[in-house]
Structures are given as structure tokens and as C-alpha cells.
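Engineer: The structure that follows is given in the form of C-alpha cells.
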Amino acid sequence: LEALSSAIRLFIGIIIPKPEWARFIVRVSMVPSYKKVGLFPRLFRDIRKVGETGRLRVTDSGTATYAVGGAILFMVVALLEGDLLMDDAQERIASMALRMLGTPEDEIAILVAKPLPDFSS
């Protein structure tokens with residue numbers, strides 16, 4: 001769950017200051033080869049791993065990926081359109097994704113408060 005939470009928060013953190021990247025990700029996630037590019041392959045990998053570890057019961061990784069990925073993409077569009085506030089977007093979107101997978105609220109609060117890895121070096 002830590003990897004999934006971090007990946008979502010990093011993804012949102014990267015695209016917030018770069019709306020052109022956000023639009024690109026939304027576009028490539030809607031093409032016929034979406035399973036090979038964009039959000040889907042990495043999100044599927046991370047959700048499948050969560051299910052394999054047994055921390056959450058993920059009975060169908062594919063369907064869970066479509067549900068969570070679709071929600072993330074719609075929230076990205078809402079950010080771009082100004083319908084969602086940018087403030088704390090990383091934590092709010094990661095929280096919603098974790099909630100959709102059945103993560104308990106107390107665990108969500110801990111996961112989204114953890115520091116993100118530093119890739120600046």
C-alpha cells in the first residue's frame with residue numbers, strides 16, 4: 001500500500017505544475033494501446049501487488065485498476081478544469097484511490113502523511 005500511495009501522490013505531484021503533461025497522460029490513457037502506456041500498466045502492477053500481499057482483498061485486479069484509474073483520470077481532468085482545488089490534491093486523490101480499494105481510514109491517514117521519496121539528486 002505504501003508503494004501505491006506514493007506512486008499516486010508522485011504522479012499527481014508531477015502533473016500539477018505541468019498541465020501539458022496532465023493532458024498528455026489523459027490522452028494516452030484513452031487510446032487503444034492504453035494497457036501499454038499511460039497510467040494503466042503501473043497502476044495495474046501496484047494494485048495486483050497489493051492483492052498478492054493480502055493486505056487488502058483485491059479479487060479482480062483488472063476491474064479494480066479500471067475503477068481506480070478512471071477515478072484518478074477524472075480527478076486530473078477536474079484539476080485541469082479548476083473543478084477541484086490543487087491544494088492537497090496529491091493526498092486527497094491518493095486517499096480516494098486507497099478508500100476505493102477498501103483501505104481503512106486510519107491507515108489512509110498514515111499512508112498519505114508519509115514523506116515521499118526524494119528524487120532530486
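Engineer: Checking the structure you have, find out if any residue of region 36-48 is out of contact with any Leu (no Cβ under 6 Å at 6 or more places or on another chain), modelled with pLDDT under 90 and either at positive phi or basic (Lys, Arg) (or both).
Structural biologist: Yes, there is a match, as at least one residue in region 36-48 is out of contact with any Leu (no Cβ under 6 Å at 6 or more places or on another chain), modelled with pLDDT under 90 and either at positive phi or basic (Lys, Arg) (or both).
Engineer: Okay, next question. Test each condition in (1) touching a Lys or Arg at 6+ places or on another chain (Cβ under 7 Å); (2) at pLDDT below 95 for Leu85 and report the one that comes out false.
Structural biologist: Here Leu85 meets the rest and fails (1).
Engineer: Moving on to the next point. Kindly provide the set of residues from region 89-102 that are assigned to a loop (DSSP other than H, G, I, E, B) and within 14 Å of the chain's Cα centre (by Cα), ordered by number. Outline the logic, then answer.
Structural biologist: From region 89-102, those assigned to a loop (DSSP other than H, G, I, E, B) are 101-102; that's our starting set.
Across region 89-102, the qualifying residue is only Leu101.
Engineer: State all residues of region 32-61 that are over 18 Å from Ser95 (Cα atoms), small (Gly, Ala, Ser) and either in contact with a Lys or Arg (Cβ under 6 Å, 6 or more places away or on another chain) or surrounded by 13 or more Cβ atoms within 10 Å (Cβ to Cβ) (or both); if no residue qualifies, say none.
Structural biologist: Of everything in region 32-61, those that are over 18 Å from Ser95 (Cα atoms), small (Gly, Ala, Ser) and either in contact with a Lys or Arg (Cβ under 6 Å, 6 or more places away or on another chain) or surrounded by 13 or more Cβ atoms within 10 Å (Cβ to Cβ) (or both) turn out to be Gly38, Ser61.
Engineer: Taking region 1-16 only, how many residues are over 11 Å from the mean Cα position of the chain (by Cα), open to solvent by 60 Å² or more (accessible area, probe 1.4 Å) and either touching a residue at least 24 places away in the same chain (Cβ under 8 Å) or farther than 18 Å from Pro117 by Cβ (or both)?
Structural biologist: 1
The values are calculated or read from the model by the stated rules, or taken from the named source; none is laboratory data. Keep in mind that this is a model prediction, so the values were computed, not measured. Here the Cβ is made from the backbone with ideal geometry for all residues, glycine too, and neighbour counts use every protein chain on show. To get the accessible areas, we keep the full protein, side chains included, count just its heavy atoms, and leave off ligands, DNA and RNA. Shrake-Rupley method; radii C 1.70, N 1.55, O 1.52, S 1.80 Å.
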